[in-house]
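Before we start, here is the structure in question, set down as structure tokens.
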Amino acid sequence: MSQPDLESIRYFPMALVVMNQDMDVVAASRAAFSMFGLRFHPQEEEKSVQALAEWLFANADLVSLIGAATMKLRMLGSSDRFTWENGERHYNAVVFTMPPADAIRFGVYFRDITDQLAFEQSRESARRYLEAILDNLPVGIVVMDREMHITNINRGEQLFLKAMGTQFSLLQVIGANAAELYPDEEDMKWDEIRAAVLEAGKGQAWLGPRKRYPLQDGKEIVLSITVAPLLNEKEETIGFIRVSEDVTEETRLTDELREAEMRTARLEGVQQVAVTLNHEINNALTTIIGNAQLIGALGEPLPENKQIMLNVLLDQAQRIAEVTQKLSAMKAMKSVEYLEGRGEAMVDTETE
């Protein structure tokens, strides 16, 4: 490489150092001086290059790495690379052969990757942090790509599946599609769900019906399942997220509330009928009881058998009045069997 060629190295836009076969620095770019905190003096270029050489060789580990790399170079255009740490800075270096003129020369290209590593470490820390959050959320989460192949699954979903008797390893799950992981969900048409979410546009999720799943302990769990699009920074759908929420207790309370409302409605209906009966029947009962009592009080004493019949009439009339009064005053309703073996039920008027 001629002297003019070596002089052109100084204008190379990246940190490049040229060395001969004896590992002597023969040229360097201005970017190389700046990278290592040295000043380049055009009027004293030889002294500047010497200062750079002294700086490089003051770092014995760097010289060893460069020397080891040059031993691997066999022909023009071949190269080798290594990483090097200098204090808090990290460098990626590529050692390569340069076109020979009157001697063998090597180029060493340095790239400061400190900021890149810091960014990657921050991104990795953020990824682990998000995974920790996902694992500790009280819901099951499955992340899928656009073809609904599983790329991640959190601890909550693993616990749901284990409780339902589905055993697997993460190696078996990653890459599987949703239909393979949930073979019992025949009513979950995953192709249709995928199409629905994609058609709905960004931010629109598919909310499925609540599903009951049997557990290994004989109980059941109720899950609410939502499938939402996973968007990139351009708000393009790059995948899907399935969220399974345990709504067993909420469903139980809702069922109990609905049952209570139905019981209240039935009780109100019975009470309305009872009030009507109480009004209509009591009017007739008042007349019957009054006339029966009048018959017993007027004239000659009745024969014994007729007196007994009259007493029975009065007792039953009074019983009817008491039953209608109880029906009107009921605060809770309980059914009892009407006749054994008939399967018919009646309202228990003795309920407090």
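As a footprinting exposure proxy, order 96, 33 by other Cβ within 10 Å, with the fewest listed first.
Values: 96 17, 33 21.
Neighbour counts put them in this order, fewest first: 96, 33.
Taking the Kirkwood radius as the inverse of the mean 1/r across Cα pairs, report the Rg/Rh of the chain. List each step's numbers first, then the result.
Details: Rg = 45.6 Å, Rh = 30.4 Å.
Here the Rg-to-Rh quotient is 1.50.
Based on the alpha-carbon gyration tensor of region 3-112 and its eigenvalue square roots a ≥ b ≥ c, which shape applies: rounded if a/c is under 1.5, prolate if not and a/b is larger than b/c, or oblate? Intermediate results must be reported in sequence, preceding the final value.
Details: a/c = 1.61, a/b = 1.06, b/c = 1.52.
It is oblate, given that a/c is not under 1.5 and a/b is not larger than b/c.
What number, rounded to the nearest 500 deg cm²/dmol, is the helix-based mean residue ellipticity at 222 nm of the chain, given -39500 (n - 2.57) per DSSP H run of at least four residues and division by all its residues?
Values: 11 runs with 163 residues, N = 352.
Calculated at 222 nm, the ellipticity per residue is -15000 deg cm²/dmol.
Rounded to the nearest 20 Debye, what is the dipole magnitude of region 75-192 about its Cα centre when Lys and Arg each give +1 and Asp and Glu each give -1 at the C-beta?
With only Lys, Arg, Asp and Glu charged at Cβ, the dipole is about 620 debye.
In whole Hz and in residue order, list the ³J(HN,Hα) couplings for region 225-231 that follow from phi through the Karplus curve 6.51 cos²θ - 1.76 cosθ + 1.60, θ = phi - 60°; x for Gly and Pro.
10, 10, 10, 10, x, 9, 9
For the residues 199, 322, 245, what sequence is obtained by ranking on other C-beta atoms within 10 Å, fewest first? Please list the in-between numbers first.
On the way: 199 8, 322 11, 245 18.
Ranking 199, 322, 245 by Cβ neighbours within 10 Å, fewest first, gives 199, 322, 245.
Ranked by Cβ crowding within 10 angstrom, fewest neighbours first, how are 286, 70 ordered? Provide the component values of the computation, followed by the final result.
Values: 286 12, 70 18.
So the residues, fewest neighbours to most, are 286, 70.
Quick one: angle between helix 45-57 and the longest Cα principal axis of the chain, in degrees between 0 and 90, rounded to 10, please.
50 degrees
So if I place +1 on the C-beta of Lys and Arg and -1 on the C-beta of Asp and Glu, and nothing else carries charge, what would the dipole magnitude of region 1-94 be about its Cα centre? I want it in debye, nearest 20. The partial results should precede the final answer.
Values: 8 positive and 12 negative charges, 58 e Å.
Roughly 280 debye for region 1-94.
Read the figures in this text as sums done on the coordinates, not as results from a lab. Since we're looking at a predicted model, the values are computed, not measured. Cβ: placed from backbone, ideal geometry, glycine included. Neighbour counts: every protein chain shown.
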